[in-house]
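Down below is the structure, laid out as structure tokens.
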Amino acid sequence: MDMQERKTTLPAPPQIPESEIHGQFRAQVVVVGEGLAGLSCALSARQQGADTLIVTGSQAPVGRGGSIFAAYSKVMEEQGIPRQDTDNFILQEFAANGFLVDQRKWYKLFNRSEEAMNWLIDLTRAAGYSVTLEDANEDDPDSPTYQPPGTHAVVSPDTARAGVGIHFALKTLEKAFLAAGGRILRCSAACKLEKKKERVTAVLCRMAESGYVRVLASQAVVLATGDFSASPELMQKYCPQYAPYFTAGGDNYDVGFAVKGLYRGEGHMMALWAGAAWQRTWPCAVMVQGSRLGSHLPYGSHRGLRMNKFGLRYCNEDMNGAYTALTTLREPEGKAYAVWDHRYAQALPWRTHGGRRTDPNTPPETVYALWESQIKTGQLLRRDSLPELLEALGLPTETAMETIRHYNDLCHQGKDPDFHKKAAYLQPIEEGPFYGCSLSDRLFFSVMGGPRTNDRMQICNEQDEPIPGLYCVGSMVGDLYAGCYNFRVPGMNYGACLTFGYLTGKEAAAERP
Ligand SMILES: Cc1cc2nc3c(=O)[nH]c(=O)nc-3n(C[C@H](O)[C@H](O)[C@H](O)COP(=O)(O)OP(=O)(O)OC[C@H]3O[C@@H](n4cnc5c(N)ncnc54)[C@H](O)[C@@H]3O)c2cc1C
């Protein structure tokens, strides 16, 4: 814990006089938030027979993207994909996270995600959608860009790209929840929890018109309010190094495909005021994507040679978009550039991001057309000569040319003693037209984690004792990630929203005060 963290004070709970509380609702299970986590939990609780009420600040279900991981499913079985042995992979992921994650949650996710995904598959199929598998980087299990198959996507008959259909899943779950007799209360925001002795018994919600209502929960309150990236205070305290990059969000409870900030962490604050401890891992992990323009791998980023603003190579380019974002941030002024030549489109098997696992490799003509469209938007540059390209990128031409000459020598030798990149990726850059792009833009999606949570998603106090009647699901679950959300399990967070939402709904429905 550093000085900065200790100094940051969080806001005090609001004082809400009884005279401002104008109404009362009752349910056995109250779920706060209507994203994938909240909806999965609410429907699952309702299916167990619990009278369940969602309270949400959003006008409709909320989601973004659509990659949902499950270790196995009936779709994988139908596609003839064998069950994976992920033992080694999971250990590698623990190592990548510095062994600072809660292993119980990871193994629970890998062990129970099949059941939850099959539940979602049945529901979405009955609603007229289908579920497909997104493409992943399965070429080399030893590579840090390897991803096990299992990233599912809900698609409609006219969906071109996989991984953007979260709204199909959300609509399906909401409809099923309402059809099963579940209720939704749309408010301005849930603000505070109430307790009787140690048990959480109610949520106070600010209403759009005026005042507050009290929502009584006779069995459980499940917080599912997303992340805290739009809270300067929580960011400063729990993720200070990335706080400067989250500069937006916070005032829109329906926020969709946004970068730079989503929510204010109001669920996190409600939990802390009710006696929750914070997760053990500090700082919280960030979900970030660096440029993957022009890359031959979905979620990937490799394409030729990378140089910093001095025209010097600084890394093994074999890394995915998340790692690209974080490594470029460590270079002077956070600036970096990639350069390659036209043969890259033919030299390696191409898998385009957003594709389905069953798609054939992307042919070079499609790759060139994609690059062309990115040139039109100014994201990529193409020039006939290298000095022209380097100048257009703003790189010191002489040094950068020397870096490229040296890199080409290594490519011809098929060995990279400088950064040990694998031989297949050592493609010389010598035949125009040449392509390049800046790697300096980063998309800050979200911040992961929050209250200390056990593997039953019960929120716990400093002594690791569950606060009776209080659970959380979704992005706010503590200790699931450390360092960065590294996209080696694409859609892992939605996978956790679905699996832990589904399981926690059952727990909450069975809770006996
Ligand atoms: C551009 C982008 C793309 C992404 N794509 C993916 C992807 O494909 N796969 C993936 O796994 N992850 C993806 N993510 C991360 C994604 O945001 C989370 O995985 C997911 O949305 C978390 O779901 P959730 O249910 O926890 O929270 P959310 O989906 O954020 O839902 C939070 C809910 O809580 C409500 N709420 C918030 N505060 C209050 C309050 N005080 N009172 C009442 N209601 C409140 C909100 O209105 C909303 O209904 C993406 C993120 C971004 C920014």
Checklist entry - So which chymotrypsin sites (Phe, Trp or Tyr not before Pro) in segment 90-172 end up in coil per DSSP with only 14 or fewer other C-beta atoms within 10 Å? => result 99
Checklist entry - Once phi is turned into ³J(HN,Hα) by the Karplus curve 6.51 cos²θ - 1.76 cosθ + 1.60 with θ = phi - 60°, what whole-Hz value does each residue of segment 434-450 show in order, with x for glycine and proline? => result 9, 10, x, 7, 7, 10, 7, 8, 10, 9, 8, 7, 6, 10, 9, x, x
Item to check | Cα-based equivalent ellipsoid, the chain: semi-axes from gyration tensor eigenvalues, Å | outcome: 44, 25, 20
Checklist outcome for this item: Under the Karplus relation with 6.51, -1.76 and 1.60 and θ = phi - 60°, whole-Hz ³J(HN,Hα) for segment 60-65, x at Gly and Pro, equal 7, x, 10, x, 8, x
Checklist entry - What is the Cα convex hull volume of segment 45-129 when expressed per residue in Å³? => result 175 Å³
Next on the checklist: Please compute the Kirkwood hydrodynamic radius over segment 292-440, one decimal place, Å, based on all pairs of different Cα atoms.
Outcome noted: 15.4 Å
Checklist entry - Ignoring ligands, DNA and RNA, what percent of the accessible area of segment 193-323 is carbon or sulfur (1.4 Å)? => result 54 percent
Item to check | 1.4 Å probe accessible area per residue over segment 322-462, in Å² | outcome: 46 Å²
Checklist entry - Name the trypsin sites (Lys or Arg not before Pro) in segment 274-330 that are in a loop by DSSP and that have at most 13 other C-beta atoms within 10 Å, would you? => result 330
Item to check | Among 478, 259, 76 the positive-end extreme of the charge dipole of the chain (Cβ point charges) | outcome: 478
Checklist outcome for this item: Filtering GluC sites (Glu not before Pro) in segment 144-216 by DSSP loop and by at most 14 other Cβ atoms within 10 Å leaves 198, 209
Checklist outcome for this item: Here segment 294-300 yields Karplus 3J(HN,Hα) values (6.51, -1.76, 1.60; θ = phi - 60°; whole Hz; Gly and Pro given as x) of x, 8, 8, 10, x, 6, x
Item to check | Spatial separation of Cα centroids for segment 103-167 and segment 240-310, in angstrom | outcome: 21 Å
Next on the checklist: Under the rule of at least 5 residues apart or a separate chain, name every residue whose amide H is placed under 5 Å from the amide H of residue 32.
Outcome noted: 55, 222, 223, 224
Next on the checklist: How many angstrom lie between the Cα centre of segment 474-513 and the Cα centre of segment 360-419?
Outcome noted: 40 Å
Item to check | Among 353, 393, 308 - extreme Cα towards positive end, dipole of segment 292-440, charges at beta-carbon | outcome: 353
Item to check | Distance (nanometres) between label positions extended 7 Å along Cα→Cβ at residue 464 and residue 257 | outcome: 4.3 nm
Checklist entry - Just the accessible area per residue of segment 47-158, please: how many Å² with a 1.4 Å probe? => result 40 Å²
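The values are calculated or read from the model by the stated rules, or taken from the named source; none is laboratory data. As the structure is a prediction and not an experimental result, all values here were calculated from the model. Cβ coordinates were reconstructed from backbone atoms using ideal geometry, including for glycine residues, and neighbour counts include every protein chain displayed. Note: areas computed on protein heavy atoms with side chains; ligands, DNA, RNA excluded. Shrake-Rupley method; radii C 1.70, N 1.55, O 1.52, S 1.80 Å.
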